[in-house]
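Have a look at the structure below, then the notes.
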Amino acid sequence: MKKIVLQLVFGFVVLPSALAGTLYYLNQNGFFNVAHIEVVLENPPAGQEQFLKPHVDELEKLLSKYRGLSLWTVKLKNISKEVSSLDWVDGLNIKRSWPTTLSVRVRPHEVKLLFMAKGGDLLPIISSGDFLEPVKAKQAPDVALLEGETFLKKTELRKKAVEVIEQIPNEGSFSKKTISEIRYDAKEGFWMTMIKTGIRVKMGEDQMALKAKRVSQVVDYLETRQFDARVIDANLSKKVLVRLRKDP
């Protein structure tokens, strides 16, 4: 009986106390001090690496103040609050990777569109229609540009523009890659300008995916026949109207 009691005492008192004492000793002597800060982007949007790199560099600089602190005592909740306040961060996961690594996994917002501010800086626009901090042209993602002061004043209209561009295919003769600018007219809806040709495309307010498919077919036809179009009106029920540059 005494043997069993001694084993229980050793297992539930002596061993845990020894382990706690060892961990305390190691912690006091810097064994668990943060030596590595790992910042990883989760599912970064394709083609937006140039936009994200300065943000990641700034985040690493921000987190560097935790280097040398005990991993035991670093408050993850405070770090989470600090990182979440960055406008380009959509979500994150922070954890301790023992013995000396602080791991921060960040899910960034995808920039859907851009708006040119006064002075030439570009304002990235995310899915909610909100602006991020302005960036220089060399850092900006390769997405379409919103034109018109109306977009600057109305968040809901920017959000609607994002919903519109999301319905445009990623590939094809008329796609996200071929659109340089988007404008909005209260009476006629959305207009889009194509990058290479400068063709203005009237898209209206709805059925963007269907209209984009029709416009793509028309663009292919125009290129095959070598017609020089200036306007494509896709905001019609069943057809697409083309105006050539020589037309009045």
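The values are calculated or read from the model by the stated rules, or taken from the named source; none is laboratory data. Keep in mind that this is a model prediction, so the values were computed, not measured. Backbone-built Cβ (ideal geometry, glycine too); neighbour counts: all protein chains shown. Note: areas computed on protein heavy atoms with side chains; ligands, DNA, RNA excluded. Shrake-Rupley method; radii C 1.70, N 1.55, O 1.52, S 1.80 Å.
List, largest first, the extents of the alpha carbons of segment 113-244 along their principal axes, each in whole Å.
Principal extents (Cα only, largest first): 44, 29, 22 Å.
Which cross-chain or sequence-distant (5 or more) residues have an amide H under 5 Å from the amide H of residue 116, H modelled 1.01 Å from N in plane?
Here the answer is 123, 146, since their amide H atoms fall under 5 Å of that of residue 116.
Could you tally the net charge around residue 201, taking each other residue with its Cβ under 12 Å from the Cβ of residue 201, Lys/Arg +1 and Asp/Glu -1?
+4
If Lys and Arg each add +1 and Asp and Glu each add -1, what is the summed charge of the other residues whose beta carbon sits under 13 Å from the beta carbon of residue 172? Let's see the in-between values first.
On the way: positive: 176, 177, 211, 213, 214; negative: 171, 220, 223.
Surrounding charge for residue 172 is +2.
Let me cross-check residue 107: its accessible surface, 1.4 Å probe, with only protein heavy atoms counted, in Å² to the nearest 10?
For residue 107, the solvent-accessible surface is approximately 100 Å².
In the neighborhood of residue 77, defined by Cβ-to-Cβ distances under 14 Å, what is the net charge if each Lys or Arg adds +1 and each Asp or Glu adds -1?
Working: positive: 75, 81, 95, 96; negative: 82.
The answer is +3.
Which cross-chain or sequence-distant (5 or more) residues have an amide H under 5 Å from the amide H of residue 41, H modelled 1.01 Å from N in plane?
Residues meeting the criterion, in which the H sits 1.01 Å from N, are 106.
In segment 91-200, which GluC sites (Glu not before Pro) are in a loop and have at most 11 other Cβ atoms within 10 Å, using DSSP for the loop call? Mind dumping the intermediate values first?
Details: sites: 110, 147, 149, 156, 163, 166, 171, 181, 188; in loops: 110, 147, 171, 188.
When the GluC sites (Glu not before Pro) of segment 91-200 are filtered for loop state and at most 11 Cβ neighbours within 10 Å, 171 remain.
For residue 239, give me every one of the aspartates and glutamates with a C-alpha distance below 18 angstrom, ignoring sequence neighbours fewer than eight places off in its own chain.
Answer for residue 239, where 18 Å is the Cα cut-off: 188, 205, 206, 220, listed by chain and number.
Note down the accessible area of residue 221, probe 1.4 Å, to the nearest 10 Å².
Number for this one is 110 Å².
Report, in deg cm²/dmol and to the nearest 500, the calculated mean residue ellipticity at 222 nm for the chain, where each DSSP H run with n ≥ 4 adds -39500 (n - 2.57) and the sum is divided by the residue count. Mind showing how you got there, number by number?
On the way: 7 runs with 81 residues, N = 248.
Rounded to the nearest 500, the figure is -10000 deg cm²/dmol.
Could you pull out the trypsin sites (Lys or Arg not before Pro) across segment 64-124 that fall in loop regions by DSSP (anything but H, G, I, E, B) with no more than 11 other Cβ atoms inside 10 Å? Could the numbers behind the result be given before it?
Values: sites: 65, 67, 75, 77, 81, 95, 96, 105, 112, 118; in loops: 67, 75, 112, 118.
Here the trypsin sites (Lys or Arg not before Pro) that fit, given the DSSP loop and packing criteria, are 75, 118.
Given 196/238; 187/238; 65/177; 77/118, which pairs have Cα atoms separated by over 31 Å?
On the way: 196/238 27 Å; 187/238 20 Å; 65/177 41 Å; 77/118 38 Å.
In this structure, 65/177; 77/118 lie more than 31 Å apart at Cα.
Over the chain, average the accessible area per residue using a 1.4 Å probe and give it in Å², no decimals.
On the way: 15150 Å² over 248 residues.
Result: 61 Å² per residue.
May I ask you to rank 52, 244, 210 by accessible area, largest first, using a 1.4 Å probe over the protein chains only? All intermediate terms of the calculation are to be shown ahead of the outcome.
Numbers: 52 5, 244 35, 210 75 Å².
Per-residue accessible area, sorted high to low, gives 210, 244, 52.
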